[in-house]
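Before any comments, here is the structure.
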Amino acid sequence: MAFIFLLIFLGTSAFFILNSPSKLKEVEVLVVEKHGNWKGKIAQYLLSFVSPGESITPELEDELKKELLSLPWIYKVQLKFDADKLVVKVWEESPSFYLVFNGIPYVVGENGFVLDKGFKFPSLPTYYYVGNISPFSQENGFLKINKLVKMKINLAEREKRGLEVGEEKPKISITDTGFVLTYRKSKVVVYLGNNPKLWGNFRTFLKKVGKPLPGIYDFRFYDMLVRGGK
């Protein structure tokens, strides 16, 4: 009888040992699709979510995925637990444009979040914000561009083609009421509203006159053009 109890005890112990959660000893981050130098930031936040010694469970996996996808630099993530090692594969968010605010260039991703600061991606378009309030709000502890400002940038991105004066492209500033296009070499300043038709009016004007004379041109009115001095 004692032998039977011993077998039951050993069998039960083996079952719990084999089915008990593994303890995490190592974490590795692999960037599958890289768009910036954000692996260090991702790893830093990852280690704030999980630490060595934790039990590897399905609940931990679900929580980690949710937390990682809340980071602005990640648009896709895959987790793989291999014994006591966690391998995290990430696909980084793509930068979309620069928004310069108070003299600081912010790198904004396609998800609308601020990914970085500084001019680090030469091919990105640059916009300047000169409104009275911040163009950003906080979401999950990170800066994200306001919806209204994002809509204005989308409008400018669609409508800015064909607005060169000579070969000079405009510096596009976003205001509370619309846009200011500045051509420094040509000494031309253009005011535009938020309606795409007004941008079309300016485009038509350029086709007719070619290179305008230096001065200020206000296209915020539907049925007239206001021109200022040189």
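Couple of notes before you dig in:
- Taking residues in the range 179-191 that are of a type in the set (Gly, Ala, Ser), and partners anywhere that are open to solvent by less than 30 Å² (accessible area, probe 1.4 Å) and assigned to a loop (DSSP other than H, G, I, E, B), the pairs with Cβ atoms closer than 8 Å and at least 6 places apart or on different chains are Ser186/Pro212.
- Residue in the range 138-155 that is among the small types (Gly, Ala, Ser), under 18 Å from Ser96 (Cβ atoms) and either more than 24 Å from the chain's Cα centre (by Cα) or open to solvent by less than 70 Å² (accessible area, probe 1.4 Å) (or both) present: no
- Of the criteria (1) over 15 Å from Tyr128 (Cβ atoms); (2) open to solvent by 80 Å² or more (accessible area, probe 1.4 Å); (3) within 27 Å of the chain's Cα centre (by Cα); (4) not polar (S, T, N, Q), which one Leu213 fails: (3)
- Selection from the range 1-27 of residues that are open to solvent by less than 60 Å² (accessible area, probe 1.4 Å) and at pLDDT 50 or above: Ser22, Leu24, Val27
- Flag for Val50 being of a type outside the set (S, T, N, Q), over 29 Å from Lys147 (Cα atoms), free of Cβ contacts under 8 Å to residues at least 60 places away in the same chain and surrounded by 15 or more Cβ atoms within 10 Å (Cβ to Cβ): yes
- Flag if Phe101 is within 30 Å of Glu157 (Cβ to Cβ), open to solvent by less than 20 Å² (accessible area, probe 1.4 Å) and of a type in the set (Phe, Trp, Tyr): no
- Filter pass, Leu206 being open to solvent by less than 40 Å² (accessible area, probe 1.4 Å) and more than 29 Å from Tyr106 (Cα to Cα): yes
- Entry remark, the range 107-133: residues being in contact with a Leu (Cβ under 9 Å, 6 or more places away or on another chain) and farther than 16 Å from Phe179 by Cα number 5 in total.
- Matching residues, the range 81-123, being of a type in the set (A, V, I, L, M) and at pLDDT 95 or above: Val90, Leu99, Val100, Ile104, Val107, Val108, Val114, Leu115
- Taking the criterion of being in contact with a Gly (Cβ under 6 Å, 6 or more places away or on another chain) and surrounded by 14 or more Cβ atoms within 10 Å (Cβ to Cβ), the residues of the range 176-202 that qualify are Gly178, Leu192, Gly193, Asn194.
- Residue within the range 124-136 that is loosely packed, with under 12 Cβ neighbours inside 10 Å, polar (S, T, N, Q) and in contact with a Lys or Arg (Cβ under 9 Å, 6 or more places away or on another chain) present: no
- Residue match in the range 55-68 (condition: at pLDDT 95 or above, loosely packed, with under 15 Cβ neighbours inside 10 Å and within 22 Å of the chain's Cα centre (by Cα)): no
- Failed condition for Phe142, given (1) of a type outside the set (Lys, Arg); (2) at pLDDT 95 or above; (3) more than 22 Å from Glu110 (Cβ to Cβ): (3)
The values are calculated or read from the model by the stated rules, or taken from the named source; none is laboratory data. Values in this document were obtained by computation on a predicted structure and should not be read as measured data. Every residue, glycine among them, receives a Cβ derived from its backbone with ideal geometry; neighbour counts consider all protein chains shown. Remember, those area values only see protein heavy atoms, side chains included, never the ligands or the DNA or RNA. Shrake-Rupley method; radii C 1.70, N 1.55, O 1.52, S 1.80 Å.
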